[in-house]
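Have a look at the structure below, then the notes.
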Amino acid sequence: QRFAHFTELAIVSVQEIVDFAKQLPGFLQLSREDQIALLKTSAIEVMLLETSRRYNPGSESITFLKDFSYNREDFAKAGLQAEFIN
């Protein structure tokens, strides 16, 4: 169930990235293929940067969408391997 929630969060995050990109000057003047290529090649990096910005070292947790905080235990319960958590 938690993994499904992380998937939902990722979908929302990608939509936010797309919405942001559409606001960038010149983005909508690019061909649809170029827009998709740029989004595909940069979405994970943008998501990682945003995730690192939301990390709270005091509680060792990450807050998603303002209300959902997850710590190491939550990530483990969601099925993430220890190498990605630690």
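Bear in mind these aren't lab numbers, they're just calculated from the coordinates by the rules spelled out. The shown structure was predicted, so the numbers you read here are calculated from the model rather than taken from an experiment. Here the Cβ positions follow ideal geometry from the backbone for every residue, glycine too, while neighbour counts run over all protein chains shown.
Here is a check on your reading of the model: is ILE17 in a strand (DSSP E or B) and either free of Cβ contacts under 8 Å to residues at least 60 places away in the same chain or more than 15 Å from the chain's Cα centre (by Cα) (or both)?
No; evaluated as a whole, the condition is false for this residue.
Being free of Cβ contacts under 8 Å to residues at least 40 places away in the same chain, closer than 19 Å to GLU8 by Cβ and loosely packed, with under 11 Cβ neighbours inside 10 Å is the filter here, so list the residues in the stretch 64-83 that pass it.
LYS66, ASP67
Give the residue, chosen from THR7, THR41, that is loosely packed, with under 10 Cβ neighbours inside 10 Å, part of a helix (DSSP H, G or I) and of a type outside the set (A, V, I, L, M).
Going through THR7, THR41 in turn, just one is loosely packed, with under 10 Cβ neighbours inside 10 Å, part of a helix (DSSP H, G or I) and of a type outside the set (A, V, I, L, M): THR41.
Every residue in the stretch 24-49 that is among the hydroxyl-bearing types (Ser, Thr, Tyr) and on the phi > 0 side of the Ramachandran plot, please.
none
Which one is farthest from PHE84 (Cα to Cα), of the residues in the stretch 52-69 that are under 15 Å from the mean Cα position of the chain (by Cα) and either in a strand (DSSP E or B) or of a type in the set (Ser, Thr, Tyr) (or both)?
Residue satisfying both the conditions and the ranking: PHE68.
Of everything in the stretch 43-63, what is under 14 Å from GLN15 (Cα atoms) and touching a residue at least 12 places away in the same chain (Cβ under 8 Å)? Give them in sequence order.
ALA43, VAL46, MET47, GLU50
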